[in-house]
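See structure below.
The values are calculated or read from the model by the stated rules, or taken from the named source; none is laboratory data. This structure is a prediction, so every number in the text was calculated from the model and none was measured. Cβ placement follows ideal geometry from the backbone for every residue including glycine, while neighbour counts extend to all protein chains displayed. Accessible surface is based on the protein model in full, side chains and every heavy atom, while ligands, DNA and RNA are left aside. Shrake-Rupley method; radii C 1.70, N 1.55, O 1.52, S 1.80 Å.
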Amino acid sequence: MTQILPYVLEVGTQEVVLTPDPTHEFTATTEQVALGYGVSQENIRQHKLSKADELIEGKHWITVTSGVSNPNAGNLQRQQTLWTKRGIVRLGFFIRSARARLFRDMAEDLVIGQLATVTNSHAGPALISARGVAAGLGCSRTSAQNRISHARIKPTHHYLDPTKGQPGYLYPLDAVQSRWPAVSFRAFIGDARPGLAPVASAVTASAGGKIARRHQPRLLPTDTSTEQLARRLLSLEAQKKAVLRELAALA
């Protein structure tokens, strides 16, 4: 079997790491599955116990042992549950939320063998998003975008952020890697689309909305009825008398 490298699913603002497995292709720890579904690890464990008739060991989850057994230091081994691709999808039927549906659908794409299609949805070299650069450099997404701009790396493709519905830039991975050769970056996995026009349009529309809100004229009352004018005149007369009294007191 061809070796499959570890990769990251970008689920909203979270990054979920999947690990290659010779039998199940991919597995994920309880911690990573909980991160993808936006719930606690205890929530995943409770589903594993309460849905034992539907979450089957060896098919939906497996147990692995890590560490070493040292007679002098005691047993250092520990057991860990790993969820298979089928298990991740099956959990999605029990967990209800927008985030859960997104993660379940992404995992389902892997189960039915569409990973290669999604990964190679564009003809050309590997790409990376600003979020991917931020993960590699250990900085914020905004900082990563500033660094990319400073390095004069130009985007070539765009993608649609499933959580915000907004398009984002994609950059050539080889250009990013050559700029920071000591950093290990992960290629973007998703629907990469050629061209930059959708991103530019979104940025322009957003900026236009902010300008319109910032410079929107404030309407002032224009009531010129006789009653309103009379009230204003009385108010001015009262202010005038108060000023004259203060002047007299000073004299």
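Between the amide H of Trp61 and those of Ile56, Thr84, distances stay under 5 Å, these residues lying 5 or more places away or on another chain, with hydrogens modeled in the peptide plane.
If I histogram all Cα-Cα distances within segment 140-193 using bins 10 Å wide from 0, what percent of pairs lands in each bin? Result, from short to long distances: 22, 56, 21, 1 percent. Accessible area per residue (1.4 Å probe, heavy atoms of protein chains only) ranks Leu49, Leu127 as Leu49, Leu127, with the largest value leading. The accessible area of Arg45, taken with all protein chains in place and a 1.4 Å probe, comes to roughly 110 Å². For Val11, the residues whose modelled amide H falls within less than 5 Å of its own, excluding neighbours fewer than 5 places apart on the same chain, are Val16. Solvent-accessible area of Ser149, probe 1.4 Å, all protein chains present, reported in Å² to the nearest ten, please. Per-residue accessible area (Ser149): approximately 80 Å².
Here Gln14 and Trp180 are evaluated by their C-beta separation; at R0 = 22 Å the FRET efficiency comes out at 0.45. Solvent-accessible surface of protein heavy atoms, probed at 1.4 angstrom with all chains present, puts Lys48, Lys154, Lys59 in the order Lys154, Lys59, Lys48, largest first. Taking amide H as placed 1.01 Å from N in the peptide plane, the amide H of Leu127 sits under 5 Å from that of Leu173, Phe188, each at least 5 places away or on another chain. Annotation: His157 carries an accessible surface of approximately 30 Å², with a 1.4 Å probe and no ligand, DNA or RNA atoms counted.
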